[in-house]
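Q: Following this message is one structure expressed as C-alpha cells.
Values quoted throughout were computed directly from the atomic coordinates according to the rules given, and no laboratory measurement underlies them. Bear in mind the structure is a predicted one, so any value in this text is a computation, not a measurement. FYI the Cβ positions are ideal-geometry reconstructions off the backbone, even for glycines, and counts take in every protein chain you see.
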Amino acid sequence: MLRVGDIYETTFIITRLQEQQFMDLTGDVNPIHLNADAARAEGYQAPIVHGMLVASIIGKVIGMEFPGQGTVNIHRAFDFIRPMFVDERYILRLRITNIDIATHIAEMKFSIKNSNNKVCLTGFTRIKNGRKFAD
C-alpha cells in the first residue's frame, strides 16, 4: 500500500522521433516544435517539446509505474515554467500528498527538472486506484 509522503523519481528523454510521432498523431505541427528559426523567433533557443507530449509521459508513469496499473487519472493540472527540448534528460518527481481510503483516491504533486536542476514543470493530479489506496 502507498502512503502519504511516498515519493517516486524517474528520468526520461524525449527523442526527435517521439516528438515527430506526436505531431503525426495529433496534427499539431506548430513550427515552434520543429523549426529552429520559428522557435528562435518566439524566444526559444531551439524547437520546444509539445507540452501534452510531456503530459503523456507523466500519464505513462502514473499508469504503469507509480502507483501503476489500474490507476485512473481523475484530474491533472500543470504549470509550464521552462521550455523542454528533445534529447535532453529530465527528472520527474511525484509525491503523494493525500489519500482518501474510502474513495480510493489519492492526490499527488509532481515536478520535472532539467539536467541543470531547473524546474520546467509543476503540477497536481488526483488519481484513483482500488488496490493501491485501500485498507
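Q: In deg cm²/dmol, rounded to 500, what helix-only [θ] at 222 nm does the chain give when every DSSP H run of at least 4 residues adds -39500 (n - 2.57) and the total is split over its residues?
A: Calculated mean residue ellipticity at 222 nm is -7000 deg cm²/dmol.
Q: Helix 16-26 against the longest principal axis of the chain: what's the angle in degrees, Cα atoms only, rounded to the nearest 10?
A: The angle comes out near 80 degrees.
Q: Can I ask one more? What is the angle, in °, between the Cα long axis of helix 51-64 and the longest principal axis of the Cα atoms in the chain? Nearest 10 is fine, range 0 to 90.
A: The angle comes out at about 30 degrees.
Q: Another question about this same structure. Where does segment 61-135 land on the Kirkwood hydrodynamic radius, alpha-carbon pairs, in angstrom?
A: The Cα-based Kirkwood calculation yields 13.2 Å.
Q: For the pair Met23 and Gln45, how long in nm is the line joining their label points, each one 7 Å along Cα→Cβ?
A: It is 2.1 nm.
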